[in-house]
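*Asks:* The structure under discussion is supplied below as C-alpha cells; questions concerning it will follow.
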Amino acid sequence: MKRRDFVRDSLLLSLSLPTLVACTDEQAGDRLGASAQGVVSTRQLQPGQVNPLLASQAFPYGVASGDPTAASVILWTAVAPRDTDVAAIPVSLEYVVSPLRLASETAWTDLFATQPVRRLGAFMALKERDWTIKIDLGDVDLYRDIRFAEGSMAALPAASFIYYRFRAGDQVSRTGRARTQPAGRAELARFAVASCSNLPEGFFSVYDLISQDDALDFVVHLGDYLYEYGEGEYGTGADLVRDGESRVPQPATEMITAADYVQRHAQYKRDRELQRLHAQFPVIAIWDDHEITNDSNRDGAENHTEGEEGSYAERKAAAIRAYFNWMPLREQFPRDVGTLAPDAREVIYRRLRVGDLMDLILLDTRIVGRDPQPAVPAIDPSRHDPQRSLLGPAQRQWLQLQLLLARNEGAHWTFLGQQVMFGQLNLVELPQIRAMDQKLLGNLVAVNMDQWDGYTAERDRVRDFVKAIGLQNLVVLTGDIHTSWAIELYENPFVLAGGVLEKPFGVELVAPSVTSPGFPDGVAELVSAVIPAANPHIRYSELKTRGYVQVEVTREQLRATWRYVSDIRDPARIGEEDVGKRRVFEVRSGSNRLNEISGAPSTPLSGEFIPGQVETRA
C-alpha cells in the first residue's frame, strides 16, 4: 500500500464524527482522505462550529517540527478537546516561507501580519490518535490524491525557514520555526545532540541552554525522551516546584497501559523548556529503552514482569503507538485501517541528508532486532556469539545499503545516530585471537553488556562493512549512558597501548544526559582517571554533569563542543552554563582522529550563513 492511498470506507464511516457536525455517513466519507501522517477533511467548517469542541486552552502542548528534508518537514501539534467524547477536531495550518532566520517568537508571529500567509486544511485531530496532528508539509506526492478544504500542498524551497502555527476554531497555537535542509552543495551544518531527559530528576535546563544557541539547524535526540518510572522510583518530582507546580510524573505510578503512555507524553509536552526547544528547531528523534521500559529488547525487558504487568507485546505496542502519535517523526506506512495503530512494518530507522555535506543515518539498536542482553555481566562469552543480534537482519541489510549510498552519493561526512555506546569500554584489552570464528581474547572483560560490547559480532559486521566499502569520515552519535565520551574507533585499541599505529575507522561522540544521573561526585573523577589505562582510544570522559554536544560540520572539519549546565534543580538557574567545563574536540576530514582544542573557541565555524544573526539570508 502506498503512503498516499486513501483509508478505505470502513475508516471513513467509523470517523464520520457525529459529534462534530450533523451529516450523513456518506457525506462524511466524501469529506475525508488519509495519508501515512493523518486524516484530512475536505469540508471547511466555521469557527462557531468548532469552538464547542475545544477546551479553554486548545493548544497546551505547543508545536513541533522534525525530520526535515530539502523539500519537506514534519509539523506537529496536539489539541485539547472539551471532553473525551469528542471524536475529532478540524485543525488548519498557517505558514510563511522565508529566507530569513528570525530570532524571536514575537518576530515569527509578526510575519503573519506582514507577509503572504499560506493556509492548508483541515487536518483532523482524532481521538484515536490522542487528538494529535502530524503534517508532512511539502510532500506533494503524499497528498497528491487528497483535496483540501483550503489551500493545496506545495513543495518547500530548500534551506528555507518555515514559520507556522495551527488554528482550531477561534484559537491559535504558538508559532514555531522549522527549516528545510539544503539541496546540492552545502558548506555548514550546526546541530545539538541530546538524550536522557527524566522529568522528576530535574528541570530541563539543558534544553534551555540549547535554545540559547539560535544558530542551530536542528536537534538530534537519541532517546530516553521520557521515562516510565513512577514517583520516587527514579527521581522525586515532589521536590522540584516552580510556580506552584511540581514535577511528579503523571501518572504517579509506572506507565504500563496505553493510557499511561499517553498521559506521560502529554505531561512532557507541557514542559516550558521542551516546548521552546520544539518550537525553535526541528527535532530528529529516535527512541531508546525508557520510552517503553528499562533495558527493552525485541521480546522482553528488565523492567517488565510478564503476567503481573500484562503482556510485554501489548505494552510495547502501546508505547510505540504513543510515540508515533506524540513525536514529530515521519511515518513510512499508512496506519491500520481499523484501529489507527501504526503499521506493523513501521520502524524508526531512516536516513536524512544535509545536502552533500552529511548524511544522518538513524538506527534502532533497542527494539526491532535486539536479542536479550548477555545474562552474566562483564564476562559472558555469549556476547561474542555471531548468531546474536543487535540490529536484526532487515535493519542490518538496510544499514549496509545506506552506508553504500552515503559513499556513492558523495556525502562528505556520515553520521550514525543511535542509542548505545559503539566503541569498546574495557576493563581488560588484549590482542584478538580467533579460533573457529570465536573471539577468545580482545575486549575480554567489558563494562556494559547493554551496549555494543554485549554484541561484538554485530559491531564487527558494521566495522568490516565500513572498511570494505572505503567509507570515510564516519561519526557515531550516542546517548543512553548519561555521561560524556569522545572516542576514536579501532578494531582493537590494544594496538595503541602497544605503540602500534592503526588508523581509526571513525569517531564516536557520546552525549551526556539532560537530567538523568551519572556517577556520584568523587567516583566520577576516579573512574575518568583510570579509564585510559585499558582504553587508550577514549580521548575524553566526563561522568557526572548534565549537558549536550554541539556539533559544527564543514567540508574541512568537524568540531564537537561538550557544553554543561550549572544546575538542574534550581528553577532560578535554568539555562545557566558552566562555561569552565566546556571541552572542544576537532576532527579533520579524512583523519578520524580527535584533537582537543585548548580553550573554548569563541567563534563558530564559518559556512553558508552567519550563525545567530537576525534576518540573515540562508
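The values are calculated or read from the model by the stated rules, or taken from the named source; none is laboratory data. Because the structure is predicted, anything quoted here is derived from the model rather than measured. With ideal geometry, Cβ positions are generated from the backbone for all residues, glycine too; neighbour counts draw on all protein chains shown. SASA here: full protein model, heavy atoms, side chains in, ligands and nucleic acids out. Shrake-Rupley method; radii C 1.70, N 1.55, O 1.52, S 1.80 Å.
*Asks:* Taking a ≥ b ≥ c as the square roots of the eigenvalues of the Cα gyration tensor of the stretch 305-397, is the shape rounded (a/c under 1.5), prolate (a/b larger than b/c) or oblate?
*Replies:* Details: a/c = 2.44, a/b = 1.14, b/c = 2.13.
Note, shape of the stretch 305-397 comes out oblate.
*Asks:* Assuming R0 = 51 Å, what is the FRET efficiency of Ala375 and Leu405, from their Cβ-Cβ distance, to the nearest 0.05? All intermediate terms of the calculation are to be shown ahead of the outcome.
*Replies:* Values: r = 37 Å, r/R0 = 0.73.
Between Ala375 and Leu405 the formula returns 0.85.
*Asks:* Can you give the accessible area of His412, probe radius 1.4 Å, in Å² rounded to 10?
*Replies:* Its heavy atoms expose roughly 60 Å² to the probe.
*Asks:* Starting from the residue with the highest accessible area, list Glu502, Glu233 in decreasing order, probe 1.4 Å.
*Replies:* Numbers: Glu502 45, Glu233 105 Å².
Of Glu502, Glu233, the descending order of accessible area is Glu233, Glu502.
*Asks:* Sticking with this structure for a sec: Mean separation of Cα pairs under 8 Å and 6+ residues apart, divided by the residue count of the chain: what relative contact order is that in percent? Mind showing how you got there, number by number?
*Replies:* On the way: 1553 pairs, mean separation 88.8, N = 618.
Here the relative contact order equals 14 percent.
*Asks:* Something else now. What list of ³J(HN,Hα) values in whole Hz, one per residue of the stretch 232-242 in order, does the Karplus curve 6.51 cos²θ - 1.76 cosθ + 1.60 (θ = phi - 60°) give from phi, with Gly and Pro shown as x?
*Replies:* x, 7, 7, x, 10, x, 5, 7, 10, 10, 9
*Asks:* Output wanted: per-residue J couplings in Hz (rounded whole) for the stretch 302-309, from phi through Karplus 6.51 cos²θ - 1.76 cosθ + 1.60, θ = phi - 60°, x for Gly and Pro.
*Replies:* With the stated coefficients, the stretch 302-309 comes to 4, 9, 8, 9, 4, x, 4, 10 Hz.
*Asks:* Another question, if that's okay. Just from its helices, what would the mean residue ellipticity at 222 nm be for the chain, if runs of 4 or more DSSP H residues each count -39500 (n - 2.57) and the sum is divided by every residue, rounded to the nearest 500 deg cm²/dmol? Before the final figure, lay out the partial values.
*Replies:* On the way: 12 runs with 116 residues, N = 618.
Estimated from H runs of four or more residues: -5500 deg cm²/dmol.
*Asks:* A further question on this structure: Is the C-alpha gyration tensor of the stretch 469-538 telling us rounded, prolate or oblate? Criteria: a/c under 1.5 is rounded; beyond that, a/b larger than b/c is prolate, otherwise oblate. Numbers along the way, then the final one.
*Replies:* Details: a/c = 4.46, a/b = 1.40, b/c = 3.18.
Oblate is the answer for the stretch 469-538, as a/c is 1.5 or above yet b/c matches or exceeds a/b.
*Asks:* Right, here's the next one. Determine the percent antiparallel among the DSSP beta bridges restricted to the chain, to the nearest 5. Please report the intermediate quantities before stating the final value.
*Replies:* Values: 84 of 105 bridges.
Of the beta bridges lying entirely in the chain, close to 80 percent run antiparallel.
*Asks:* Also, I was wondering about something else. Note down the accessible area of Thr603, probe 1.4 Å, to the nearest 10 Å².
*Replies:* That residue has around 90 Å² of solvent-accessible surface.
*Asks:* Turning to a different aspect of this structure: List the residues, sorted by chain then number, that are 5 or more residues from Gln171 or on another chain and whose placed amide H is less than 5 Å from its amide H.
*Replies:* Hits under the 5 Å cutoff: none.
*Asks:* Just subtract the alpha-carbon distance of Gln49 and Glu309 from 0.36 nm times their residue separation and send over the number in nm, one decimal.
*Replies:* On the way: separation 260, 0.36 × 260 = 93.60 nm, distance 4.27 nm.
Between Gln49 and Glu309, full extension yields an extra 89.3 nm.
*Asks:* Let me ask something else about it. Can you work out the accessible area per residue across the stretch 125-206, with the rest of the protein chains kept in place, probe 1.4 Å, in square angstrom? List each step's numbers first, then the result.
*Replies:* On the way: 2200 Å² over 82 residues.
The answer is 27 Å² per residue.
*Asks:* While we're on this one: Which FRET efficiency value, to the nearest 0.05, do you get for Asp460 and Arg588 by plugging their Cβ-Cβ distance into 1/(1 + (r/R0)^6) with R0 = 41 Å?
*Replies:* Values: r = 27 Å, r/R0 = 0.65.
It comes out at approximately 0.95.
*Asks:* Among the listed pairs Lys503/Lys581; Lys134/Lys269; Lys269/Lys581; Lys127/Lys316; Lys316/Lys544, which have their C-alpha atoms separated by more than 22 angstrom in this model? Please report the intermediate quantities before stating the final value.
*Replies:* On the way: Lys503/Lys581 29 Å; Lys134/Lys269 15 Å; Lys269/Lys581 30 Å; Lys127/Lys316 20 Å; Lys316/Lys544 31 Å.
Distance filter (> 22 Å) returns Lys503/Lys581; Lys269/Lys581; Lys316/Lys544.
*Asks:* Here is a follow-up. Any idea how far apart Thr109 and Asp239 come out in nm if each label point goes 7 Å out from Cα toward Cβ?
*Replies:* 3.7 nm
*Asks:* By how many degrees, between 0 and 90 and to the nearest 10, does the Cα long axis of helix 523-534 differ from the longest principal axis of the chain?
*Replies:* Helix 523-534 sits roughly 60 degrees off the main axis of the chain.
*Asks:* Assign unit charges at the C-beta atoms only (+1 for Lys and Arg, -1 for Asp and Glu), then state the dipole size of the chain relative to its Cα centre in Debye, rounded to the nearest 20. Provide the component values of the computation, followed by the final result.
*Replies:* Values: 66 positive and 83 negative charges, 377 e Å.
In debye, rounded to 20, the chain gives about 1820.
*Asks:* For the stretch 106-241, what is the relative contact order in percent, using Cα pairs closer than 8 Å and at least 6 residues apart in sequence? If you can, show how the numbers build up before the last one.
*Replies:* Details: 146 pairs, mean separation 24.5, N = 136.
Once normalised by length, the contact order is 18 percent.
*Asks:* Another question, if that's okay. Note the full-extension length gain between Val527 and Arg119 as 0.36 nm times their separation in residues minus their Cα-Cα distance, in nm to one decimal.
*Replies:* Values: separation 408, 0.36 × 408 = 146.88 nm, distance 5.59 nm.
Length difference between fully extended and current span is 141.3 nm.
*Asks:* Calculated FRET efficiency, Glu302 and Lys581, Cβ-Cβ r, R0 35 Å, to nearest 0.05? Intermediate results must be reported in sequence, preceding the final value.
*Replies:* On the way: r = 32 Å, r/R0 = 0.92.
The computed FRET efficiency comes out at 0.65.
*Asks:* Something else about it: Once both axes come from the Cα atoms, what is the angle between helix 105-114 and the longest principal axis of the chain, in degrees from 0 to 90, rounded to 10?
*Replies:* 40 degrees
*Asks:* With a cut-off of 8 Å between alpha carbons and a minimum separation of six or more residues, what is the relative contact order of the stretch 291-358 in percent? Display every interim value, and only then the final one.
*Replies:* On the way: 44 pairs, mean separation 12.8, N = 68.
Worked out over the stretch 291-358, it gives 19 percent.
*Asks:* Within the accessible area of the chain, what % is carbon and sulfur when the probe is 1.4 Å and the other protein chains stay in place?
*Replies:* 52 percent
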